[in-house]
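The values are calculated or read from the model by the stated rules, or taken from the named source; none is laboratory data. Computed from a prediction, not measured in an experiment: that's the story for all the values here. Positions of Cβ are backbone-derived with ideal geometry, glycine not excepted, and every protein chain shown enters the neighbour counts.
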C-alpha cells in the first residue's frame, strides 16, 4: 500500500504472500534516506520502481568497505535486503507471508515510525526483523525511550553597578562531547555542569555572584562540549571567589587530564576579566546556579538484564540566555517507561522548588530487552547456525524505531539485525560488503 500522504511519512508497505501461507506473518522493517519508489502494479508478481534522483555513486572499495558521500548504507542496505526477497528465485528460499515496512527520517526524528497508523495500514505480523542494525553478529533486543524537558525563568536584568563592579567571562571548551545516549556512561565532562559545579563553590562559601549571560550546548542529544558564562562579583568578594574557582579548576583538570590523558585531553577552562554587563538579581542568579548544579547529567541506573547497558540517564543539554530570561533543556532516556517519567518527575520537583516554569515534552517509547523471548531465541539459533559462531544479544541506550512501532502494535515480537556499518549518519558512512552477503 502506498499512502497518499507526504513522502516524509510512511512510504511503502509490501505484502509478500510467500510459498508457505500457513506460516505466521513476519515483517521486515527498514528506513530510507530519500523517496525512491513511487509506483507499483498489480498483480503483486512484480513491482515497478521509478527513482526520483540518481543512484548513489559509491566510492572505491577500501579493505572490503564501500563508501558513498551520502548516508546510503544506513539504511539503504536494509531496504535492499528487504526488497531482495521480492525477486529471490532460489527454490530453497521457503517462507510464509511477509510484510515489508519502509519508513523515513529515522536519523533525526523517527518520523516515519511515529506516523504509522495501523488503522490505515492493517499490519498482520507480530514477528518483526528490523534491518536497521549496524553490527554483524549482534542481535539488538532493546532501546531507550526518551523525552525532553525545559526549565524556564522570565527575568529582568539590572544595570546598577554600584554593588557589582568586577565581571568575568568564564568559559569551558575543548571537550570530547558525544551522544547523550550511547556515550553518557563514559568519563566525559559536560561543559554546563563544570560551570555549575565551579560557580556553586562561590555560593556555598557565602559569596553573591550575579549572572549576566550563560550559553552552552546546541543539541538535545549531545553532551555539551562548550559553555560560557559572564558573571559579576562584589569587589570585597573578588579575591576569595577567584581563589575558589582556581582551586576547583585544578581539581577538575587533575581528574580529566590524568596520567594517560584519555578522558578530556583538550579541556580548557578560562576566566577572563571583562567590562560590566547587565545582570540578573543576586537571588535569581543563586537559583540558577543551585538548580544547574543539582540537575543530573549522567547515567542514573544500569540495566539488570544487559550487562554494561545504561538503563536510565539524563543529559543537561542546553543553557540559553534570551532577552526575557534563561532556560535549560534537559534530555532524559530510559528503556523502562515508568523510570523515564520518574526522572522527569524529579526534574519537575527541582524546578518547582527553585521557582522555574517546567515543560515536559512528549516522550517516545523505549523497548525493554526480553532475552528469553521465544522469537529472540529462535532468531539467535538460526543466526548462529548461519554464522557458525556465537551471536551476542545487545541493546542500545538510544532511540530506535522498534520502540515506537512496538508501542503502536501490541504483542509485536522484535529483534534488530544488520551488516557491519561504520560512521552512520555522516558523509563518511560505509558498509562492509562481505557482511551484507552473510546477513542475507
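When residues in the range 357-379 are screened for being surrounded by 17 or more Cβ atoms within 10 Å (Cβ to Cβ), farther than 30 Å from residue 151 by Cβ and in contact with a strand residue (DSSP E or B) (Cβ under 6 Å, 6 or more places away or on another chain), 3 of them pass. Taken over the range 194-225, the residue count meeting the criterion of being farther than 28 Å from residue 236 by Cβ and assigned to a strand (DSSP E or B) is 3.
For the range 151-162, filtering for residues that are outside any loop (DSSP other than H, G, I, E, B) and surrounded by fewer than 19 Cβ atoms within 10 Å (Cβ to Cβ) leaves 3. Out of all the residues in the range 281-301, is one or more more than 27 Å from residue 221 (Cα to Cα), modelled with pLDDT under 95 and surrounded by fewer than 14 Cβ atoms within 10 Å (Cβ to Cβ)? Scanning the range 281-301, I find no residue that is more than 27 Å from residue 221 (Cα to Cα), modelled with pLDDT under 95 and surrounded by fewer than 14 Cβ atoms within 10 Å (Cβ to Cβ), so the answer is no.
Would it be correct to say that residue 348 is surrounded by fewer than 18 Cβ atoms within 10 Å (Cβ to Cβ) and in contact (Cβ under 8 Å) with a residue 60 or more places away in the chain? Answer is yes for this residue. Annotation note: of 182, 112, 177, the sole residue that is in contact (Cβ under 8 Å) with a residue 40 or more places away in the chain, surrounded by fewer than 18 Cβ atoms within 10 Å (Cβ to Cβ) and not in a strand (DSSP E or B) is 182. Looking at (1) in contact with a helix residue (DSSP H, G or I) (Cβ under 8 Å, 6 or more places away or on another chain); (2) closer than 20 Å to residue 129 by Cα; (3) at pLDDT below 95, which one does residue 363 not meet, given that it meets all the others? Evaluating residue 363 over (1) in contact with a helix residue (DSSP H, G or I) (Cβ under 8 Å, 6 or more places away or on another chain); (2) closer than 20 Å to residue 129 by Cα; (3) at pLDDT below 95 leaves (2) as the failure.
Determine which single condition residue 271 fails, assuming it passes every other condition in (1) over 29 Å from residue 159 (Cα atoms); (2) surrounded by fewer than 18 Cβ atoms within 10 Å (Cβ to Cβ). Going through (1) over 29 Å from residue 159 (Cα atoms); (2) surrounded by fewer than 18 Cβ atoms within 10 Å (Cβ to Cβ) one by one, residue 271 breaks only (1). Of all residues in the range 367-393, those satisfying the criterion of being part of a strand (DSSP E or B) and farther than 21 Å from residue 409 by Cα are 392, 393. When the criteria are applied in full, residue 350 meets the requirement of being in the same structural domain as residue 180 (by TED's automatic domain parsing), in contact with a helix residue (DSSP H, G or I) (Cβ under 8 Å, 6 or more places away or on another chain) and in a helix (DSSP H, G or I).
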